[in-house]
Each structure stands twice: as C-alpha cells, then as structure tokens.
1. Of everything in region 406-435 that's open to solvent by less than 60 Å² (accessible area, probe 1.4 Å) and aliphatic (A, V, I, L, M), which residue is nearest to the chain's Cα centre (by Cα)?
2. In region 390-405, what count of residues is obtained for those that are at pLDDT below 75, within 20 Å of Lys359 (Cβ to Cβ) and over 18 Å from the mean Cα position of the chain (by Cα)?
3. Hey, among the residues in region 139-189 that are within 13 Å of ligand 2 (Cβ to nearest atom) and assigned to a helix (DSSP H, G or I), which one's farthest from Ile83 (Cα to Cα)?
4. What is the residue count in region 229-249 for residues that are closer than 18 Å to Val43 by Cα and within 14 Å of ligand 1 (Cβ to nearest atom)?
5. Could you please give the count of residues in region 176-189 that are open to solvent by less than 10 Å² (accessible area, probe 1.4 Å) and either within 14 Å of ligand 1 (Cβ to nearest atom) or under 13 Å from Ser206 (Cβ atoms) (or both)?
6. Which of the residues that make up region 13-52 are within 14 Å of ligand 2 (Cβ to nearest atom), open to solvent by 10 Å² or more (accessible area, probe 1.4 Å) and not in a helix (DSSP H, G or I)?
7. Condition first: buried (at least 23 other Cβ atoms within 10 Å of the Cβ) and under 30 Å from Ser470 (Cα atoms). Can you find one or more residues in region 270-280 that meet it?
8. Does Val426 satisfy the condition of being in a helix (DSSP H, G or I) and of a type outside the set (Lys, Arg)?
Amino acid sequence: MTNKTDRIIIFDTTLRDGEQCPGATLNIDEKLVIAKQLARLGVDIIEAGFAFASPGDFEAVSKIAKIVGTENGPVICSLARAIKADIEAAAEALKPAVNARIHTFISTSDIHLEYQLRKSRAEVLAIAEEMVAYAKSFMKDVEFSPMDAARSDPEFLYQVLERTIAAGATTVNIPDTVGYTTPSEFGAIIKGIIENVPNIDQAIISVHGHNDLGLAVANFLEAVKNGARQLECTINGIGERAGNASLEELVMALHVRRQYFNPYLGRPEDSQESLTNIDTRQIYKTSRLVSNLTGMLVQPNKAIVGANAFAHESGIHQDGVLKNKLTYEIMDAQLIGLTDNQIVLGKHSGRNAFRTRLKELGFELSDTELNKAFVRFKEVADKKKDISDWDLEAIVNDEIQQAPDLFRVELVQVSCGSNARPTATVTLRTPEGEELTDAAIGTGPVDAVYKAINRVVNVPNQLIEFSVQSVTAGIDAIGEVTIRLRYESKVFSGHAANTDIIVASAQAYVNALNRLYASLQSQEKPEEVSAQKV
Ligand code: KIV
Ligand code: ZN
C-alpha cells in the first residue's frame, strides 16, 4: 500500500456522519436504498454506520454489507471507537461484505484529552496502537482517525500516526472535527505528516472535515495538493452541525479543474482521465434521493445541485449563454445528470414505456415497487397532462420511500377561503387497521389538517419546518412537501409528493409521525442512541 495512488478515493459518510444531523435519521430500508444509489454513483467506500451504536445501526451495516458489499461493489465500512466492544461489533456487522473496513478513532487534541477522555498522551498512544492491532486481527483493511487532528499538537500527531501505521492501519484519516482550520493550514498539516511520519508511504492519507466556517471543500482541495488521496464526504454536505465536505462539490471541482489538479497527482496537465471513480451523471439523482429521504432540503443556491445552480437570471448572462454556453457556464448541467426535463409520458403511456423510461433514468425497481409506482403514475397522469422526467423521479422516490407504514392517510378534505374558517376532516387508518375520522379548525388549511391528524394520532409534537416545492413549472405541477417535527430532543422528517399540496402536506406529516411512532415503539431509546453518536 502506498499513498502515491494517482487518483482520489471517495469515501462516502452520508449514512454515518451525514445521518447524525438532527432529523436526518433514516430507517434500515432507506439506508439500503441510499447505499445502492451510492454504489451506482461509484463511491469507493461507504461508511454504512456505527455498528455498536444501536441494534438498528448494527443491522443497517450488516444489511448493506450483504446486499451492496459485493465482489465489484464498494468497500463497506463501520465506525468504531477505539474500544474492543465497538471493534467487535463492527467486525461482526461487516462479515457479509466481500470488501470491508473497520474505521476506528480516538481523540488526540489536548483539549479532548483533558476534558473529554481525561487521559494522558501516553495512554491515548497506547490505546490507539492496541486497538488498531485489534481491528487488524479481524480484517486487513483498517482506517485510523486521530479525532480533532487539526487542533492536535503536530509532534504528537506524527507519533500517533507512525505507531498506528506500524500496528496495521492502511488508511490514516486526518479530521478537522470542529471545522476550525483554513486551507493553507490544512495543506501544511498534510505536508507535515508526509515529511515527519517515517512510514507514511505504507498508508493512504485521508481527510475528514466539517463546514463550520464554510471551508471544508477548500480545505480538502488543498489537502489533495499536499498528498491526501482519500476524501471523506457526504451527499449535499449533510452532517454534524454545519455538515461535512460535500461530495458533489469536491468531485465536480476535481473534474472541472482537472488540468489544475493533474500535476499534483503526477499526471500530465492535459490528461482527460477522471480523477475519481464517480459517475457524475448520477450526482443529481443521488442528491434528490438523499434530500427526500432525510428531509434535509438543498438550498437553492447550493453549488452543483441547488435549484439555481444552472439558472441564468441576468439578461447579459442569458444573452451570452444563448450565443455560446461557455460564456457563463463552466460545466454542462447534463454532466451531473440534469436532463432537459423532457416531457416523456402521458396518460396513455403503458407499463412498458413507464418501465423503460425509469430504466433509462437509472431506477431499478422490483416488480412490487414498479407496480406501486405505476399506479401512482396513472393517478398523476389523470390530473397532469404531460409527465416529465422530474415528475417520474418524484413519483418513484415517493413510492420507494420506506417510512414505516403505521398510520395511513385515507381521506383529506378541507374547506377554506377568504370568508371561511379553514376546516379539515381527515380519515386515517391506524396500525391496527381501524379507520378513525376527526376534524379541526386551523389558521389555514394545512394547520387545520395537521390539527385533525394530531387528534387522531395523539402524540404531542412540535412542527419545526414546513416547505413546499414544485417539481416542475406549471399550474398542474407536482408539489413536494418536506416537514420536520420535534418530539422531546429528537427530530423526525417526512416527505411526500402529490399534485394536491394539501394531500402531500397530510402525507408528509403522517410520514414523519410514523417515524416518531416507530421510534417510540422500538426498544431502543432514541436519546441513548444519539448520545452514543460521535
Ligand atoms: O468529525 C470527526 O472527527 C469524525 C471522526 C469520527 C472521523 O466524524
Ligand atoms: Zn465528522
């Protein structure tokens, strides 16, 4: 193993660090749907979770290892504290994967040692070395992270890295855990490691960083220039606090500016070969899937995947683009899989045309999923004349969304208007199969619907975010509703798409309540789980 690889390894941590942001909690089936899409995207490593954190996390890692961790699939990784029980759980959960990795970590900054670990440097050094060796006894691929590396004393960091590499770490990851560093400082840390860790050529240098100052991507690119060859990132940059470095920004920066980066990887400047294994045409779809399933909206001006990322509003820009795209566009929208929103299907389209187009869009559905999605397609096609690729994507994502099906919306009826008091009647099917109807008055139609639903479900909660977005332009567009609600210290999200935004609002709310309800029913106490997350 050498850190002289001439390409960049993409380590996706959407399902571990990404899932740590409030409300982004995913169930096992949703994690699996995302893992399959990450494999299609071409990531090299999927950090599927933190196996020891809860039975649910263990099962998710294990299921992803079995189904996605195939011969030609990505390496499947589980996080583990530098504790034997964590490492054992990770090794056990990863057993079904053909290619597996344990990622173990312990803090190395003085502030963490003094206040959190209450351990001396000598103790941490010994634990790191011993636990890497322990992880190595289970598998050959072991990653070690000195947590808060960017704020650690460089001399101590070099010592820890040298000893953990000697103990068997094949990747050493340098986290900027608190998002504090700047690009030139981070680059210098990587350079210092290469110059001062004698056995560094036996490991890949990886970077992990948070976006508290909005610098994570810039820090990573500087790290690449100085020798880092693995980037730990998440789709849409989701993650703890301000999030992680965003996968799509890193990959597209390395792609669009490959002539600039080529020499740093020992390639000829004009080499056209891709610097990563990512199939960039899968980027947009992956971003939408992660946003829909986590309920974490993508801001419109977000680089690469934001709704405005390829829109030109200024007259001067529009004029230029019409004359020659390159005047104001540094990349083609098609490169990230944004189609021209073609009108492809209508109400007379049959199952075959539906299946074929979905396949072209990269959706591989089981027969059951296809049947469910086709029924939804017909319902939408009855109301909306032309069905575009984006509509299809909304329909399919909505159908394959795996929120627990406990309560189900059977009927939503509202009465509102300028001189009316907004009133809603809802009928829900309960988990026991009973149909319950209730009604309520609200400040608006959505408020009335939510109050009526609350009367049926009867779990106190606070709505903290509500958003409606239209999938396409036009009065008959499908509306997508994303909501987040709080129950005690936990946040749950819900998402639904429908041509009727009141119905979509009701479904999104019930979807989030179902997650809350399932969490209350499950054995694990949510608070205990989140306390274990890092
Ligand atoms: O931010 C961090 O330091 C982490 C480590 C576990 C790699 O997430
Ligand atoms: Zn992190």
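1. Leu406
2. Result for region 390-405: 1.
3. Restricting to residues being within 13 Å of ligand 2 (Cβ to nearest atom) and assigned to a helix (DSSP H, G or I), the top hit is Ala150.
4. 10
5. Going through region 176-189 one residue at a time, the tally reaches 4.
6. Within region 13-52, just Arg16 meets the criteria.
7. yes
8. Values: in a helix (DSSP H, G or I): no; of a type outside the set (Lys, Arg): yes.
For Val426, the condition - in a helix (DSSP H, G or I) and of a type outside the set (Lys, Arg) - is not met.
The values are calculated or read from the model by the stated rules, or taken from the named source; none is laboratory data. What you see is a predicted model, and the numbers here were worked out from it, not measured in a lab. Glycine also receives a Cβ, built like all others from the backbone with ideal geometry; neighbour counts cover every protein chain displayed. For accessibility, only protein heavy atoms count, side chains too; no ligands or nucleic acids. Shrake-Rupley method; radii C 1.70, N 1.55, O 1.52, S 1.80 Å.
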